[in-house]
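Novice: Here it is, the structure in full.
What follows is calculated from the coordinates using simple rules that are stated; it is not laboratory data. Quantities reported herein were computed from a predicted structural model and do not represent experimental measurements. Methodologically, a virtual Cβ is constructed for each residue, glycine included, from the backbone with ideal geometry; neighbour enumeration extends over all protein chains shown.
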Amino acid sequence: MTYVTRFAPSPTGPLHLGHAYSALLAHDMAKAHRGQFLLRIEDIDQSRARPEWEAQIYDDLAWLGLTWPMPVMRQSERIDTYSAALRNLVAKGLAYPCTCSRRDIAAAASAPQEGAPLIGPDGIVYPGTCRPSLDAAPRGVSDGAALRLDMRAARLRLGAAPVFTETGLGPDGETGPIDTCWETVFETVGDIVIARPAMGTSYHLSVVLDDAAQGITTVTRGQDLFEATVIHVILQRLLGVPTPLYHHHRLIRDNHGKRLAKRDDARAIAKYRAEGANPQDIRAMIGLVQGPAAHTLGSRPASS
């Protein structure tokens, strides 16, 4: 089996040093295993995606020395695939429409009998306001409604709790086989949104289907997405697609310990390029050695 990794940025702003770390790590790991590195453009949020940012992604990655097969996969061209998967989940009673606003959810989760709201991978853990009974007939999508994954129905269908293999490090040093229990999923994850009205899908659903379609064998991404992995494994099992290995890596932070984000233009790759940096300078900043040991974690980037 060919070893396949990917880098999947959203064209909503400039790539920064954190993106450089993730892309170079995935590329180097594939090269070390004589495998393949793929690029995917995650542009389901068309309200924020911009063609100029997509063009900058290609330019910055090529400048870093990365290569990938063309054409790249673009999520905006796969809406029919996501819709088919959603219809399948709804028909099996595994998803339900939800009209709750963020304010509704916060109010329900903060009610006196509930205590302080729990925060999960998608924000406040959904209190189940719109969740149907397990014997209710499936309900399709309605205008203005989101679709949520019914975790209790998922447990009945799947039985055993989700398990995945971590080849990197979770936020608390987790590595190797990672398992959980359904009660933990109910309490700390909840019925997450798998389709938003304005998009017709969600990150969680799209990334699972896209990784399967591209034959990704190792998902390389930041530790901030470690807690979402259980969601993806559940969706993989429900949709009948393979579960890849996961390699979560450290996050690149500024000198104050804050994780870099798209708004951190001061750490943008393009800015360093304009100031005369070369690709090896970028590798030095993020503490990433080149070659087979590319998964070695280095120090924080130097200040700019």
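Novice: For every helix of n ≥ 4 consecutive DSSP H residues, a contribution of -39,500 (n - 2.57) applies; sum these over the chain, divide by its total residues, and give [θ] at 222 nm rounded to the nearest 500 deg cm²/dmol.
Specialist: Per the formula, -10000 deg cm²/dmol.
Novice: Extension gain residue 92-residue 2, at 0.36 nm per residue separation less the Cα-Cα distance, in nm?
Specialist: 29.1 nm
Novice: Which of the peptides 65-74, 169-178 is most tightly packed, and how do the rest follow, judged by the mean count of other Cβ atoms within 10 Å per residue? Mind dumping the intermediate values first?
Specialist: Numbers: 65-74: 13.6, 169-178: 11.7.
The peptides rank, most packed first, as 65-74, 169-178.
Novice: Report the Cys residues of the chain lacking a disulfide-compatible partner, meaning no second Cys Cβ under 4.7 Å from their Cβ.
Specialist: When partners are defined as cysteine Cβ atoms under 4.7 Å apart, the chain leaves 100, 181 without one.
Novice: Let me ask you something else. Report for the chain the percent antiparallel among DSSP-assigned beta bridges with both residues inside it, nearest 5.
Specialist: Taking every DSSP beta bridge with both residues in the chain, the antiparallel ones total about 55 percent.
Novice: With viscosity set to 1.306 mPa s at 10 °C, what whole-number translational diffusion coefficient in µm²/s follows for the chain from Stokes-Einstein and a Kirkwood radius over Cα pairs?
Specialist: Value of D from the Cα-based Kirkwood radius: 78 µm²/s.
Novice: Give me the compactness ratio for segment 5-81, meaning the Cα radius of gyration over 2.2 N^0.38 Å. Walk me through the numbers on the way to the answer.
Specialist: Working: Rg = 12.4 Å, N = 77, 2.2 N^0.38 = 11.5 Å.
Cα-based Rg divided by the globular estimate yields 1.08.
Novice: Going highest first, how would you order 89-99, 267-277 by mean Cβ packing within 10 Å?
Specialist: 89-99, 267-277
Novice: Find how much the distance from residue 284 to residue 253 grows on full extension, using 0.36 nm per residue of separation minus their present alpha carbon separation; answer in nm with one decimal.
Specialist: Residue separation times 0.36 nm, minus the Cα-Cα distance, leaves 9.7 nm.
Novice: Please quote Rg/Rh for segment 1-143 to two decimal places, taking the Kirkwood radius as Rh and restricting both calculations to Cα atoms.
Specialist: On the way: Rg = 20.3 Å, Rh = 18.7 Å.
Result: Rg/Rh = 1.09.
Novice: Strictly greater than 20 Å: what percent of every Cα pair in segment 96-249 meets that?
Specialist: Counting pairs separated by more than 20 Å, the tail of P(r) holds 52 percent.
Novice: Taking a ≥ b ≥ c as the square roots of the Cα gyration tensor eigenvalues, with a/c under 1.5 meaning rounded and otherwise prolate when a/b beats b/c, else oblate, which class fits segment 65-112?
Specialist: Oblate, because a/c is 1.5 or more while a/b does not exceed b/c.
Novice: Would you mind telling me the antiparallel percentage of the DSSP bridges in segment 27-159, rounded to 5? Before the final figure, lay out each step's value.
Specialist: Values: 6 of 8 bridges.
Bridges in segment 27-159 are about 75 percent antiparallel.
Novice: How long are the semi-axes of the equivalent ellipsoid of segment 185-231, taking √(5λ) for every eigenvalue λ of the Cα gyration tensor, in whole Å from largest down?
Specialist: Each semi-axis is √(5λ); the values are 19, 17, 9 Å.
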